[in-house]
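To keep things clear, I will list the structure first and then write my remarks on it.
Throughout, read-outs are computed from the coordinates displayed, never taken from laboratory work. From a predicted model like this one, the values you see are computed outputs, not experimental measurements. Reconstructed Cβ throughout: ideal geometry from the backbone, glycine too, with neighbour counts over all protein chains shown.
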Amino acid sequence: MSSDEERDPADLAHWDAVEEATELLHEEEYHRALSVLRDVIKGDPKNPYAYYFLGIALYEVGELEAARDAYRATTVMAPKHLGARVHLSHTLRELGDAKGAIKEGAVALALAPQDADVLHAVGLAYLSRGDDAAARKYLEAFLEARPEFEAATEVRGILASLGSGS
C-alpha cells in the first residue's frame, strides 16, 4: 500500500488544495502565494496545510505576528505538525518571546527528539533567553544530527562565541 493509499482522503484534499501555493513559494512568489492561500482558506477554513504555508509566506514578507498566528492555527488543527511547531518556535523567538519559543520547541522535541530542525530551534530559543548551557546542549546535538553545511557553520560560530562553557 502506498503512503497516499494510507492517508485520509480529507488530508489528501488539503494537500492538493495547496499545491499551486507551494509551487509559488518555491519560486519565491510570496505575495502571489498569499493570495492563493487566502483563497484556499476561504474555501476550507480547516485546512492545516494552508495555514502552515500561509505562515511561511507571511514570514517571508516580514509579517511575523501574522506568521505566528498562522502557525498557531496550524498547531490547533494539526497538533503533531512538526514543521509548524519549529517555525512557530523560530517566529516567537524573533518576536522576543523566548519563553514561548522554548515551550513550542519542547512540544516539537516530544514529537521528534532527534530531529535536527527541532534541536536547532530549541537551541536558538534557549540562546535568546540567555541560557547558554542549555543552548550549547541543543546546538551540539543539532551538529551531531549532521545538518546542512550552512546551518552547521552558523551554529559552530554561535558555539565558538559561547566559549568553552562551564
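Overall shape: oblate for region 98-166, with the ratio a/c of the largest to smallest alpha carbon gyration tensor axis at 1.5 or above and b/c at least equal to a/b. Against the compact-protein benchmark of 2.2 N^0.38 Å, the Cα-based radius of gyration of region 44-101 scales to 1.00. On full extension, the segment bounded by residue 29 and residue 64 gains 10.9 nm, given 0.36 nm per residue less the C-alpha separation. Sorting 54-66, 113-125 by average packing, meaning the other beta carbons within 10 Å per residue, from highest down gives 113-125, 54-66. Can you tell me the orientation of helix 149-162 relative to the chain, as the angle in degrees between its alpha-carbon axis and the longest Cα principal axis, to the nearest 10? The helix 149-162 is inclined about 40 degrees to the chain. One way to sum up the overall shape of region 1-129 is the equivalent ellipsoid from its Cα gyration tensor, whose semi-axes run 25, 19, 12 Å, largest first. Relative to the dominant Cα principal axis of the chain, helix 30-43 is inclined by about 60°. Using R0 = 22 Å, the C-beta based FRET efficiency linking residue 99 and residue 148 works out to 0.20.
So how tilted is helix 64-77 from the main axis of the chain? Cα-based, degrees 0 to 90, rounded to 10. Tilt of helix 64-77: around 70 degrees. A simple rule links phi to the HN-Hα coupling: the Karplus curve 6.51 cos²θ - 1.76 cosθ + 1.60 with θ = phi - 60°, which for region 16-22 gives 4, 5, 9, 4, 4, 5, 5 Hz, with x for Gly and Pro.
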